[in-house]
Amino acid sequence: MIVLVEGRRVARSQLQEAERLLYRECELLNRELYEDWLALFTDDCRYWAPLSPEQEEAQLHSSLFHEDRTLMRMRITRLKHESAHSLAGGIRTSRTVGPAALREIDHASGDWVVERRFQMSERQGDRVRMFAGLFTYRLQSAERGFLIREKRVDLIDCDAPHEPLEVFF
Amino acid sequence: MFEGLVRDSSVDGRVYTSREVFAAEIERIFARSWSYLGHLGEIPRPGDYRRVSVAGRELIFIRHRDGRPRALLNRCAHRGAQLIGKACGRARRLRCAYHGWTYGTDGALRQLPLPDGYVGEDAPRAGHPDWALDAYPVETYRDFAFVRLQTPSNPLPLEEFLGPAREALDLMADRSPSGNLSVAGEPLAIVLRCNWKVYLENLHDGVHPPAVHESSIAAARAAARVDEPPQEVQWVAANGQPLAVFGDLKVRCHPYGHSDMSGFRKEADGEDPAYRQALAEAWGAERAGQALTRNLHNACFYPGASAHPQYMQMRRLTPLAVDRMLVESWTLRAEGAPESHFRRNIRYANTIHSPSSLVKPDDAEAYRRVQRGLESFPGAVSQHRRDSALRDSGTSTALDEEYVRAQYRAWREYMTAGR
């Protein structure tokens, strides 16, 4: 359910459509259907996980992830590659998300900014890791429905050391 | 007892798995050598501090009023409580959260509650050196600060310790016409499930990339086919070059286990004429030319630091346990250099040094498998590989394990010194 934070009026059908898109977004990752997942994004999309809680931009500061469509596709190719040694023991993930909130509709672009809390468990080889934080989506409203222009992931422990991070949150 | 673990071209696997060896390494290697504390750009103003763990001791890397850095033990002289709780910050005084003992940024005890209540000759009092925070010697080279926890009878000055390996630091500092480097934000920090030596032994290993990085090389090649490849793709694809290319990489072994490697393709950094001229005016034409064109790829400052001068990366290595280590990477920004260089170097760091790097997981997996294999049975570990093209020319390449053998010669010196 998308909660309207600023009480803005939008068509119920649009809310439902955004809701469906975001459900699919997480579920495709949970099911490792990465190609279908990438198809939900615009050509000029960005996947960004800042390294610091206060980080405002990604050009002059390192990030945990900062990828355009080309780099996202590269990650997907590697995840599917038979000689990805680190994945020899398999990797499985499960994302659980909280209610989505429409934070803002950008006046210039018409993009929707939607936030939701998440938890992700990841099983790889001999260990399970837990991640938690906030997903912030920028959704492009197009003729044929919404596409994701940006997914931003703010981990609660973004500034802590991590073992390698291989899949998208 | 440690002497027998190391031979000329092989070592006993227990050097990677024994908790006893690890504890001795911390005291004899990490505490006795110069350890990388940080760059002064991390603490630009008086009172700026950062917590740093060196050889198991928690230190406060802090800049005092006199502009010079200090390395203070992060432990109150009263009951031993950890003094600073934040990872970094700025303070005029360091005040213990427990009973309020207060120290200056030089570690001197300034205040304590109920001072009249302390009796006896050896009683705590403000200003007395016995009650200051323990401070360790810090020396800097081109603003790179190093600390030494134990001072031997015949201490080696930092510059002598670094020896020819300091060229990597010079090349970075010389990228700024003022010689000033700054640091933006947090370092990228990755935890690896291996002994610290496994990581160092991979630094100039030109034989591993085609095998270890097969998956990311394939991904980069696929990306290069469909798009106009961005630099990230080229950086990842570089691991897929034929072994002969790695044979062209020159590896120099320096005293005390340090080493560096040169010969990779150099980025074009001298395209801005105003920048080129500013560097030439600051350092002279020859040195400025070196800063812009010398293709020194990486350097190892044994045992605890490594640099990628071309991309302005400095890395600090911290052993956490016999089978676990931390690597932190900073991208240094050269004052007066084009912003485009810094942006590219940030992208390089994200691509190569971030926990999310497409290259890193398979390196980390190789290290972890070495660790797991040796834990199941230590046996002997080979470092016999020599680049057959070289014979005894005195130089070495990325196809030769000479730098690993040199690390163990230093290891043996440290571990058996004074015994």
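The values are calculated or read from the model by the stated rules, or taken from the named source; none is laboratory data. A quick note: this is a predicted structure, and the numbers were derived from the prediction, not measured. Here the Cβ is made from the backbone with ideal geometry for all residues, glycine too, and neighbour counts use every protein chain on show.
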(request) Could you tell me whether segment B:107-118 includes any residue that is outside the structural domain of B:A305 (by TED's automatic domain parsing), at pLDDT below 95 and touching a Leu at 6+ places or on another chain (Cβ under 8 Å)? (result) yes
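Please go through segment B:109-121 and give me each residue that is under 40 Å from the mean Cα position of the chain (by Cα) and in a loop (DSSP other than H, G, I, E, B), ordered by number. Give the derivation first.
In the first step, residues of segment B:109-121 are kept if they are under 40 Å from the mean Cα position of the chain (by Cα); the result is B:109-112.
Correct list: B:L112 only.
Please return the ranges of strands (runs of 3 or more DSSP E) entirely within segment B:233-337 where 3 or more residues are over 27 Å from B:A406 (Cα atoms) and within 14 Å of another protein chain (Cβ to nearest Cβ).
Numbers: elements: B:250-253, B:259-262, B:296-301, B:305-308, B:313-321, B:324-334.
So the answer is B:324-334.
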(message) Just the residues that are touching a Gly at 6+ places or on another chain (Cβ under 8 Å) and within 21 Å of A:R144 (Cα to Cα), please, taken from segment A:15-51.
(response) A:E17, A:L21
(message) Cβ-Cβ under 7 Å, sequence separation 6+ or interchain: first residue in segment A:65-79 and more than 7 Å from chain B (Cβ to nearest Cβ) and touching a residue at least 60 places away in the same chain (Cβ under 8 Å), partner surrounded by fewer than 21 Cβ atoms within 10 Å (Cβ to Cβ) and among the hydrophobic types (A, V, I, L, M, F, W, C). Which pairs?
(response) A:M72/A:L38; A:L79/A:V167
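Yes or no, residue by residue, for (1) within 11 Å of chain A (Cβ to nearest Cβ); (2) among the β-branched types (V, I, T):
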| position | (1), (2) |
| --- | --- |
| B:P137 | no, no |
| B:T140 | no, yes |
| B:L156 | no, no |
| B:F161 | no, no |
| B:A173 | no, no |
| B:L188 | yes, no |
| B:L203 | no, no |
| B:P230 | yes, no |
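Return yes when A:R138 is touching a strand residue (DSSP E or B) at 6+ places or on another chain (Cβ under 7 Å), more than 23 Å from B:A87 (Cα to Cα) and within 14 Å of chain B (Cβ to nearest Cβ) and no when it is not. Before the answer, list the steps.
Details: touching a strand residue (DSSP E or B) at 6+ places or on another chain (Cβ under 7 Å): yes; more than 23 Å from B:A87 (Cα to Cα): yes; within 14 Å of chain B (Cβ to nearest Cβ): no.
Against the criterion (touching a strand residue (DSSP E or B) at 6+ places or on another chain (Cβ under 7 Å), more than 23 Å from B:A87 (Cα to Cα) and within 14 Å of chain B (Cβ to nearest Cβ)), A:R138 does not qualify.
Consider B:A77 carefully, then state whether it is assigned to a loop (DSSP other than H, G, I, E, B) and surrounded by 13 or more Cβ atoms within 10 Å (Cβ to Cβ). So that I can check it myself, show each step before the final result.
Working: assigned to a loop (DSSP other than H, G, I, E, B): yes; surrounded by 13 or more Cβ atoms within 10 Å (Cβ to Cβ): yes.
Against the criterion (assigned to a loop (DSSP other than H, G, I, E, B) and surrounded by 13 or more Cβ atoms within 10 Å (Cβ to Cβ)), B:A77 qualifies.
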(request) May I ask you to say which residue of B:P355, B:P361 is over 21 Å from B:F2 (Cβ atoms), out of contact with any helix residue (DSSP H, G or I) (no Cβ under 8 Å at 6 or more places or on another chain) and within 14 Å of chain A (Cβ to nearest Cβ)? (result) B:P355
(request) Output yes when any residue across segment A:101-123 is more than 10 Å from every other protein chain (Cβ to nearest Cβ), under 30 Å from B:A220 (Cβ atoms) and surrounded by fewer than 17 Cβ atoms within 10 Å (Cβ to Cβ), and no when none is. (result) yes
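Out of the residues in segment A:48-64 that are in contact with a His (Cβ under 6 Å, 6 or more places away or on another chain) and more than 7 Å from every other protein chain (Cβ to nearest Cβ), state the one that is farthest from A:L155 (Cα to Cα). Walk me through how you get there before you give the answer.
As a first pass, look at segment A:48-64 and keep what is in contact with a His (Cβ under 6 Å, 6 or more places away or on another chain): A:48, A:55, A:58.
Okay, now just the ones that are also more than 7 Å from every other protein chain (Cβ to nearest Cβ), so A:48, A:58.
Values: A:W48: 11, A:A58: 15 Å.
For segment A:48-64, the residue satisfying everything is A:A58.
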(request) Those residues that are surrounded by fewer than 20 Cβ atoms within 10 Å (Cβ to Cβ), closer than 30 Å to B:A184 by Cβ and under 21 Å from the mean Cα position of the chain (by Cα), I need them from segment B:1-47; list them, please. (result) B:G41, B:P44
(message) Just to verify a result, which residue in segment A:86-97, among those that are of a type outside the set (A, V, I, L, M) and at pLDDT below 95, is surrounded by the fewest Cβ atoms within 10 Å (Cβ to Cβ)?
(response) A:G90
(request) Would you check if B:V191 is assigned to a strand (DSSP E or B) and either touching a residue at least 40 places away in the same chain (Cβ under 8 Å) or not polar (S, T, N, Q) (or both)? (result) yes
(request) Could you please find all residues in segment A:139-169 being in a loop (DSSP other than H, G, I, E, B) and either of a type outside the set (A, V, I, L, M) or in contact with a Cys (Cβ under 9 Å, 6 or more places away or on another chain) (or both)? (result) A:E143, A:R144, A:D157, A:C158, A:D159, A:P161, A:E163, A:P164, A:E166, A:F168, A:F169
(message) Quick check on segment B:384-405. Is at least one of its residues of a type in the set (D, E) and at pLDDT 95 or above?
(response) no
(message) Please determine whether any residue of segment B:245-261 is surrounded by 16 or more Cβ atoms within 10 Å (Cβ to Cβ), farther than 20 Å from B:L399 by Cβ and of a type in the set (S, T, Y).
(response) yes
(request) State all residues of segment B:124-150 that are among the basic types (K, R) and in contact (Cβ under 8 Å) with a residue 60 or more places away in the chain; if no residue qualifies, say none. (result) B:R148
(request) Given the conditions (1) surrounded by fewer than 19 Cβ atoms within 10 Å (Cβ to Cβ); (2) more than 14 Å from every other protein chain (Cβ to nearest Cβ); (3) of a type in the set (K, R), report the number of the one that B:R221 does not fulfil. (result) (2)
(message) Checking the structure you have, find out if any residue of segment B:232-253 is over 25 Å from A:M72 (Cβ atoms), touching a Cys at 6+ places or on another chain (Cβ under 7 Å) and assigned by TED's automatic domain parsing to the domain that holds B:P309.
(response) no
(request) At least 3 residues that are aliphatic (A, V, I, L, M) in each: list the strands (runs of 3 or more DSSP E) lying fully within segment A:34-138 that qualify. (result) A:100-105, A:112-124
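One line per residue, one yes/no per condition, for (1) under 15 Å from the mean Cα position of the chain (by Cα); (2) surrounded by 15 or more Cβ atoms within 10 Å (Cβ to Cβ):
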| position | (1), (2) |
| --- | --- |
| B:T151 | no, no |
| B:L162 | yes, yes |
| B:M172 | yes, yes |
| B:S176 | no, yes |
(request) Residues that are touching a helix residue (DSSP H, G or I) at 6+ places or on another chain (Cβ under 6 Å): find the strands (runs of 3 or more DSSP E) completely inside segment B:24-69 holding 1 or more of those. (result) B:48-54
(request) Would you check which residues across segment B:80-108 are out of contact with any strand residue (DSSP E or B) (no Cβ under 8 Å at 6 or more places or on another chain) and either outside any loop (DSSP other than H, G, I, E, B) or without any contact (Cβ under 8 Å) to a residue 12 or more places away in the chain (or both) and list them? (result) B:G80
